[in-house]
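Following: one structure in structure tokens, then a few remarks.
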Amino acid sequence: MERIAIITICFNNLADLQRTCASVDSQTRLPDEHWVINGSTEPDIEEWLLHTPQPSYRKWINERDNGISDAFNKGIQYATGPVTHLLNSGDCYASDDVLKAVDGLFINDPDVQWISGNIQMIRGGKPVIVGKPFEKNKLYRGMRSVSHPTWFVKKEVYNRVGPFNGKYKIGMDYDMMCRMADEPYAYLNKLITVFDDTGISSVNYLRSLEETREIYESHFGYSAKLVAWQSRLKILHHLLQTRFGKWLFGIKKKLGLENF
């Protein structure tokens with residue numbers, strides 16, 4: 001088996017962390033490590049970790065950090081790997097055989113350096129399942145349903161391409177995807193994660209588009225395709241705030257087109 005290290009960052013959200021830990025602990029193939037990176041200002045998470053029986057694979061760091069990227073990098077630094085998964089507090093595994101399926105993929109194809117799968121999230125007020133194989137020539141579309149809560153990445157990839165960039169407050173995962181675009185990749189057509197859509201990238205969606213454009217241009221230069229694609233996304237975002245837009249999305253979902 002490949003050693004799998006899960007990294008969960010958290011900040012003053014004990015109930016979310018407990019839900020995430022329960023989904024980790026329910027896996028039929030348990031992780032080798034589960035690092036909780038706790039940057040909270042309140043003591044409840046630290047007290048829960050210290051005074052509640054925890055499985056032997058759960059380890060934690062209780063100290064302030066300099067934001068999401070810094071917390072990710074701490075977890076990656078402490079994880080022994082070789083396979084790492086960033087499962088944020090509030091996110092949960094969709095079934096109890098996720099780690100077993102991931103382990104099997106890496107064993108069957110040892111050249112693969114990172115994978116992604118499918119994720120359940122909320123769109124137009126409705127739960128949907130999205131996920132597509134990564135394609136470098138479509139990076140102008142942003143994350144494009146290659147959601148980082150479904151990524152499993154070998155630690156050596158981070159050693160090659162560098163840590164998450166603290167300059168970006170929302171799009172640090174997109175920046176990372178741009179940097180590891182040439183690493184050998186595989187798509188796992190399986191529902192991996194149920195996403196907590198109260199995170200910063202969901203709440204600040206329009207700002208996340210601005211940061212995505214900044215990141216893309218820093219790597220690849222200006223793209224008219226990106227400008228056109230983001231114009232479409234902005235229109236759809238505003239439309240989905242209306243009753244009519246939600247009705248239209250409901251029809252799209254019934255037709256099985258929510259992943260397009």
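Just so it is clear, none of the values below were taken in a lab; they were calculated from the coordinates. Please read all numbers here as calculations on a predicted model, not as lab measurements. Glycine gets a Cβ as well: all are built from the backbone with ideal geometry, and neighbour counts include every protein chain shown.
Scanning segment 130-153 for residues that are of a type in the set (A, V, I, L, M) and assigned to a helix (DSSP H, G or I) turns up just one, L139. If you go through segment 44-89 and pick out every residue that is of a type in the set (F, W, Y) and free of Cβ contacts under 8 Å to residues at least 40 places away in the same chain, you end up with 3.
With the requirement that a residue be closer than 17 Å to G90 by Cα and buried (at least 20 other Cβ atoms within 10 Å of the Cβ), what does segment 122-157 give you? Within segment 122-157, S147, H148, P149, T150, W151 qualify. Among residues belonging to segment 1-53 that are over 20 Å from the mean Cα position of the chain (by Cα) and in a helix (DSSP H, G or I), point out the one that is surrounded by the fewest Cβ atoms within 10 Å (Cβ to Cβ). Ranking the candidates gives H51 first. Please verify whether D65 is closer than 22 Å to G171 by Cβ and in a loop (DSSP other than H, G, I, E, B), treating the condition exactly as stated. Spelling it out, D65 is indeed closer than 22 Å to G171 by Cβ and in a loop (DSSP other than H, G, I, E, B).
Just wondering, is there one or more residues in segment 223-238 that are in a loop (DSSP other than H, G, I, E, B) and in contact with a Ser or Thr (Cβ under 8 Å, 6 or more places away or on another chain)? Within segment 223-238 (the criterion being in a loop (DSSP other than H, G, I, E, B) and in contact with a Ser or Thr (Cβ under 8 Å, 6 or more places away or on another chain)), the answer is no, since none of the residues qualifies.
Against the conditions (1) under 20 Å from E217 (Cα atoms); (2) of a type outside the set (G, A, S); (3) part of a loop (DSSP other than H, G, I, E, B), P110 satisfies every one except (1). Take the conditions (1) within 30 Å of A15 (Cα to Cα); (2) outside any strand (DSSP E or B); E156 misses just one of them, which is (1).
Against the list (1) free of Cβ contacts under 8 Å to residues at least 24 places away in the same chain; (2) in contact with a Cys (Cβ under 8 Å, 6 or more places away or on another chain); (3) not basic (K, R), the condition L139 fails is (1).
Residue count for segment 141-180 under the criterion of being touching a strand residue (DSSP E or B) at 6+ places or on another chain (Cβ under 9 Å) and basic (K, R): the result is 2.
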